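Asks: Right, I'll just put the structure down here and ask away after.
Read-outs throughout are calculated quantities, based only on the coordinates presented, and are distinct from any laboratory measurement. Computed from a prediction, not measured in an experiment: that's the story for all the values here. Cβ placement follows ideal geometry from the backbone for every residue including glycine, while neighbour counts extend to all protein chains displayed.
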Amino acid sequence: MGTPDFAVASLQTLLNDGRNVVAVVTAPDRPSGRGLQLTPSPVKKAAEAAGIPVLQPEKLRDPAFLEELQGYRADLQVVVAFRMLPEVVWAMPTIGTFNLHGSLLPQYRGAAPINWAIINGERETGVTTFFIEKEIDTGQMIFQETEPIHPGDTAGSLHDRLMVRGANLVVRTVRAIEAGEYPRIPQPPVEDLKMAPKIHRETCEIDWYQPAETVRNFVRGLSPYPAAWTKINGKTFKIYAVSHADASDFRAEPGEAHTDNKRFLHIKTQDGWLVVEELQAEGKRKMTVEEYFRGNKL
């Protein structure tokens, strides 16, 4: 069960390992692009290429879907980047249902663990497999593996590494379950529990009154998607990459910009300046600041 590219790696790795994947459950086709043509999910494309039956329920409690799912008589269900399952679904297989989560649980429960780990300036994260229970992301853990977060990482680069590490962990988990030799570890209570809620557009507005490193982490934690944004002279810009600027004597309040309209764009934060490296104006493609200034001014 999964939908985006992150889940495709796990499906493909299971198939490469010779697992008997009897069916795939993914999101219904959605309108996409300028023509709003119905587009299948990445997981559906991968499943169809492998000749696997695909189920695309609008509602997971739909009796017709439940009957069809039951008909496959799966021993185990694997969930990677899907949606919340009702108990009637996750409790259906004889062994149960396990989920791959992109964090070291119990930290960063929620829909956007990769983004929030970088936004919060973490230096390490990882992947966890756990059995699904009633409360989201709280089930008994099976395996965990750690992954460093490098200073230059974005949500995109970390996503790609965790996608591969997670796919391998899924196969390791399936093998252990098949052998009957796997742990079921209760998630420990944590005093400083950090959550990873779904990210909305309003979440992505840059607060320049924060320290420079906090803003830098915020930008890279939202890059390339959904992207941090700000307004400059009333125009909205997505900001994809920033770096620390040398100390400047130019006096400004947080959020004020300093530019030569040719090579650089500096923006003041609470405690220093950041250099904007990549941005995207409304109606334009993503580009470097120098590329933007070849045809535009601020």
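Asks: For the residue pair residue 281 and residue 72, what label-to-label distance in nm results when each label sits 7 Å from Cα along the Cα-to-beta-carbon direction?
Replies: Those two pseudo-labels are separated by 4.9 nm.
Asks: Please list 3J(HN,Hα) in residue order for segment 82-90, calculated via the Karplus relation 6.51 cos²θ - 1.76 cosθ + 1.60 where θ = phi - 60°; whole Hz, with x for glycine and proline.
Replies: Computed from phi, the couplings for segment 82-90 are 10, 10, 4, 9, x, 4, 4, 8, 6 Hz.
Asks: Can you give the Kirkwood hydrodynamic radius of segment 17-73 from its Cα pairs, in Å with one decimal? Mind showing how you got there, number by number?
Replies: Details: mean 1/r = 0.0794 Å⁻¹.
About 12.6 Å for segment 17-73.
Asks: Here's something else I'd like to know. List the chymotrypsin sites (Phe, Trp or Tyr not before Pro) within segment 193-273 that fall in a DSSP loop (any state other than H, G, I, E or B) and whose Cβ has at most 14 other Cβ atoms within 10 Å.
Replies: On the way: sites: 208, 209, 218, 229, 237, 240, 250, 264, 273; in loops: 208, 209, 250, 264.
Within segment 193-273, the qualifying chymotrypsin sites (Phe, Trp or Tyr not before Pro) (loop, at most 14 other Cβ atoms within 10 Å) are 209, 250.
Asks: Here's another thing I want to ask about it. With charges set only on the Cβ (+1 for Lys and Arg, -1 for Asp and Glu), what does the dipole of segment 5-179 come to about its Cα centre, in debye to the nearest 20?
Replies: Working: 16 positive and 20 negative charges, 46 e Å.
The dipole magnitude comes to about 220 debye.
Asks: Could you pull out the pairs from 238/268; 262/284; 238/297; 44/286; 45/194 whose alpha carbons sit more than 26 Å apart here?
Replies: Listed pairs above 26 Å: 44/286; 45/194.
Asks: I've got another one for you. If you place +1 on the Cβ of every Lys and Arg, -1 on the Cβ of every Asp and Glu, and leave all else neutral, what size is the dipole of the chain about its Cα centre, to the nearest 20 Debye? Write out the running numbers ahead of the final one.
Replies: Values: 34 positive and 38 negative charges, 175 e Å.
It comes to approximately 840 debye.
Asks: Over segment 183-282, what is the relative contact order in percent, taking alpha-carbon pairs closer than 8 angstrom and at least six residues apart?
Replies: The normalised contact order for segment 183-282 reaches 27 percent.
Asks: With a 10 Å cut-off between alpha carbons and a GNM built on the chain, which of 36, 274, 100 moves the most?
Replies: Looking only at 36, 274, 100, the largest GNM fluctuation is found for 36.
Asks: Shifting gears a bit: As an exercise, use a Förster radius of 45 Å and the Cβ-Cβ distance of residue 235 and residue 20 to find the FRET efficiency, rounded to the nearest 0.05. Don't jump to the answer; show the numbers that get you there.
Replies: Values: r = 54 Å, r/R0 = 1.21.
E(calc), rounded to 0.05, equals 0.25.
Asks: Show that you can apply the helix-only estimate: for the chain, add -39,500 (n - 2.57) for every DSSP H stretch of four or more residues, divide by all residues, and state [θ] at 222 nm to the nearest 500. Intermediate values should be presented prior to the final figure.
Replies: Values: 8 runs with 80 residues, N = 298.
Taken over the chain, the calculation gives -8000 deg cm²/dmol.
Asks: Quick one: among 202, 277, 147, which has the greatest mean-square fluctuation in a GNM of the chain with alpha-carbon springs under 10 angstrom?
Replies: Looking only at 202, 277, 147, the biggest GNM fluctuation is shown by 202.
Asks: Among 110, 71, 126, determine the one that fluctuates most according to a GNM of the chain built with springs between C-alpha atoms less than 10 Å apart.
Replies: Checking each option, the largest mean-square fluctuation is seen for 71.
Asks: Only helices at least 30 Å long along their axis, Cα-based, and averaging -1.0 or more on Kyte-Doolittle count here, so list those DSSP H runs from the chain. Working shown, then result.
Replies: Working: long enough: 155-179 (35 Å, 0.31).
Membrane-span-like by this criterion, though nothing is claimed about a membrane: 155-179.
Asks: Once each part is reduced to its C-alpha centroid, what is the distance from segment 1-57 to segment 67-90 in angstrom?
Replies: 15
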